[in-house]
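For reference, the structure is listed below as structure tokens.
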Amino acid sequence: MKTLIVLGAANIFLGFASFVLSNHVEKTRTIEDNNSVIATHKRFVKPIKHPLLAAVANSACKKLVKIKTKIRITRKKTTLPVFIKANAVAGTKNAVAMQKETGLDDYNYMQLIDKAEKLEEYAKLNGYSTEYGFLINMGMKSGKKRFFVIDLSSMVIIDRGIVSHGRGREPQTPNKTYSNVPGSNCTSLGIYEVGKSDTSVGGASYKLYGLQESNSNASKRSIVLHAMDTIPENEMEHPIFQSKGSPTISNTFLNEVSTIIKKDSKPVLMWIFDTERESELLSSCY
């Protein structure tokens with residue numbers, strides 16, 4: 001019985017103590033946005049006169065007591081793929097976003113020299129210049145320097161530049177389609193004779209004459225070697241401007257190529273080919 005009386009008295013005392021302490025406590029809240037943490041604290045702000053309660057408060061509640069902590073989760077915005085239309089401006093992504101252009105990132109030196117030797121042999125047999133030749137490997141990506149100026153006497157690459165290919169039926173396409181049909185807007189593969197300079201339309205350009213069945217309609221299609229401001233000087237990772245079939249280079253590179261064309265007494269040859277397409281054809285034969 002005595003035990004129950006003692007426990008009852010203790011509960012009454014603790015309840016009274018809680019009531020008195022609650023009048024001497026102030027709730028404070030600290031928000032730390034940088035760490036995304038919200039903390040609620042309690043501290044004593046009024047002096048406690050009762051000696052017993054003061055002793056309890058001084059021994060246990062002098063410092064800030066952290067009651068609870070909530071973690072605020074910062075949500076990150078997720079950007080979904082956006083499809084961007086083609087834009088024929090140098091330095092911008094001209095193909096539909098999320099699509100990769102087909103082709104090689106670099107050239108094979110032995111393949112290139114093999115083409116140069118065959119071009120020199122063709123030039124000797126047909127009365128063209130054997131000093132210089134132009135090779136364009138459309139098997140490479142358009143943002144790479146795939147127009148090669150070759151010294152045919154030493155088989156040395158003396159210059160390189162970026163060149164566009166025909167876009168075909170599409171405003172812009174990551175794939176390459178070749179055709180000799182007028183109105184196709186496609187590049188025609190084959191060997192060309194580089195004609196004389198023509199400045200009558202839109203600056204300097206050189207008429208191209210197709211010498212093979214694959215590019216025999218070059219003259220009818222008004223295919224020329226010319227320059228446009230949309231063609232960059234330096235290599236890039238995304239597709240460049242695409243033409244209506246004519247090989248288009250930068251203004252600076254055209255000036256360099258023009259020097260070679262003009263100083264040679266015989267017409268210079270240009271060979272447009274695609275090593276990737278040739279590899280596909282060879283594979284299909286086995």
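Every read-out reported here was derived from the displayed coordinates using simple, explicitly stated rules and does not represent laboratory data. It should be emphasised that the depicted structure is a prediction, and the values quoted were computed from it without experimental measurement. Don't worry about glycine lacking a Cβ; one is built from the backbone with ideal geometry, like all the others, and counts go over all protein chains shown.
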Legend entry - Counted charge near Asn180, where neighbours are those whose Cβ lies closer than 12 Å (Asp, Glu -1; Lys, Arg +1): +1
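Apply 1/(1 + (r/R0)^6) to the Cβ-Cβ distance of Arg160 and Glu278, taking R0 = 30 Å, and write down the FRET efficiency to the nearest 0.05. Kindly include the intermediate steps, with their values, before the conclusion.
On the way: r = 20 Å, r/R0 = 0.68.
Result of the calculation: an efficiency of 0.90.
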Legend entry - segment 109-284 - share of DSSP beta bridges that are antiparallel (%, nearest 5): 70 percent
Inset, instruction - Grab the Cα-Cα distance for Asn251 and Lys118, subtract it from 0.36 nm times how many residues apart they are, and report the gain in nm with one decimal. - result: 45.0 nm
Inset, instruction - Enumerate lysine pairs in segment 128-282 that are 8 or more residues apart or on different chains, then count those whose Cα atoms are under 16 Å apart. - result: 12
Legend entry - Tyr109-Glu233 pseudo-label distance in nm [points 7 Å out on the Cα-to-Cβ vector]: 2.7 nm
Legend entry - For segment 119-129, Karplus couplings with θ = phi - 60° (6.51, -1.76, 1.60), whole Hz, Gly/Pro x: 5, 5, 5, 5, 5, 5, 6, 10, x, 9, 4
